[in-house]
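Following: one structure in structure tokens, then a few remarks.
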Amino acid sequence: MTGASFGRVGVVGLGTMGAGIAEVLARGGLPVVGVEVDGDALERGRGHLERSTGRAVKRGRLTEEGRREILDRVALSVGFAELGDCDLVIEAVPERLDLKRRVFAELDKVCRPDAVLATNTSSLSVTDIAVTTGRPTKIVGVHFFNPAPVMRLVEVIRTVLTEPEAVERVAALAEALGKTPVTIGDRAGFVANRLLFGYLNQAAAMLDSGHATRDDIDTAMTAGAGLPMGPFALMDLIGLDTCLGILEAVHAETRDPRHAPSPALRERVTAGLLGRKSGHGFHVHD
Ligand code: CAA
């Protein structure tokens, strides 16, 4: 089996990131248990998985039979009961500390004592989450990038409490799944977001200042800096609420003014313009 460091893997939360992570695991040959809070959310998660694998078939990257095998490897259910025999559970619920703490307290009860519990948080403290469980040595961060099936980086985050073996096993799994893991400490934004969001926030501040348009800034960074997407297209892909949460977390820790969320970003989040997922962010989406 590809991910030999773990057998069955659970994924809690099947939004964009959770469904993407479940797909990556199932593509790697692992049996996956994907859970959601209710039937509607579960059906949305199923939809993500079906669309993403369907796109791969359309592009000739996957056969219909291969797709069926991947989908069959993901057992979907409501509630946490099916996670009891997982060796690893990856949490990918919305970025709210109170919610993540509740999820981890529940996982701590349901999962085997030797199971490793991982959070896909992009901005919250893994340590804050770990100390709400009775097994802080087995709590790691495992931060995938959007779109998870495409982006190669996985940041594996160790806290001062995490046992080395748990970190090594998660990094080995990421590698076995064809990802490139980097193992780092628990600081807001970790590495990639801490660097990336200073840039994204400056793009929003530049828009506010009126000296360049959205499209000029996006074009400058694709045609000039060789990036696959301009900053506004990328913030829309990530989700503007997620962007705001990351900036707030990094700013709270560093007090670096480059991370003070720009009004252009904040006002869109307040207005419910969240990017691709709401159909409108900095750009309008079909
Ligand atoms: N899910 C699954 N696969 C997807 C996908 C999705 N949402 N979007 C695109 N793909 C796949 C396509 O199927 C295609 O696969 P093949 O090459 O195997 O056919 C491949 O990605 C390229 O897609 P497209 O040709 O449609 O489009 P593109 O060439 O413009 O690439 C992109 C799309 C991969 C998103 C590219 O624009 C890109 O890399 N953008 C930057 C993304 C990025 O920086 N992500 C990190 C954000 S930060 C983050 O995520 C951290 C955080 O905590 C918020």
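Every number here is computed from the coordinates shown, using simple stated rules; none is lab data. Please read these numbers as outputs of a predicted model, since none were measured by experiment. No Cβ is skipped: glycine too gets one built from the backbone with ideal geometry, and neighbour counts run over all protein chains shown.
Taking a Cβ cut-off of under 13 Å around residue 166, the surrounding Lys, Arg, Asp and Glu residues balance to a net charge of -1, with basic ones at +1 and acidic ones at -1. Label positions at residue 184 and residue 285, each projected 7 Å from the Cα along the C-beta direction, are separated by 2.4 nm. Under the simplified labelling scheme, the residue 191-residue 254 pair shows an inter-label distance of 1.5 nm, with each label point 7 Å from Cα along Cα→Cβ. Look at the alpha carbon pairs under 8 Å that are at least 6 residues apart: their mean separation over the length of region 6-156 gives a relative contact order of 25 percent. When the alpha carbon gyration tensor of region 192-278 is reduced to an equivalent ellipsoid, the three semi-axes, largest first, read 19, 15, 13 Å.
Region 159-214 and region 215-240 have Cα centres lying 18 Å from one another. When 5, 122, 77 are sorted by how many other C-beta atoms sit within 10 angstrom of their C-beta, beginning with the fewest, the order is 77, 5, 122. Within the chain, how many Lys pairs that are eight or more residues apart, or on different chains, come under 29 Å at the alpha-carbon? Pairs that pass both the separation and distance tests number 9. Counted by Cβ distance under 14 Å from residue 277, the other residues give a net charge of 0, where Lys and Arg count +1 and Asp and Glu count -1. If you run the Gaussian network model on the chain, springs between alpha carbon atoms under 10 Å, then out of 73, 258, 59 the most flexible one is 59. Computed from the C-beta positions of residue 213 and residue 37 and an R0 of 30 Å, the FRET efficiency is 0.15 to the nearest 0.05. The calculated 222 nm mean residue ellipticity attributable to helices in the chain amounts to -14000 deg cm²/dmol, summing -39500 (n - 2.57) over DSSP H runs of n ≥ 4 and dividing by all residues. In plain terms, the residue of 155, 267 with the fewest other Cβ atoms within 10 Å comes first and the most crowded comes last, giving 267, 155. Net charge in the neighbourhood of residue 128 (other residues with Cβ under 10 Å of its Cβ; Lys, Arg +1, Asp, Glu -1) is +1.
With both labels modelled 7 Å from their Cα along Cα-to-Cβ, the residue 137 to residue 72 distance reads 4.0 nm. Ranked by how many other Cβ atoms sit within 10 Å of their own Cβ, fewest first, the residues 218, 85 fall in the order 85, 218. In a fully extended conformation the segment linking residue 161 and residue 225 would gain 19.1 nm over its present Cα-Cα distance, using 0.36 nm per residue.
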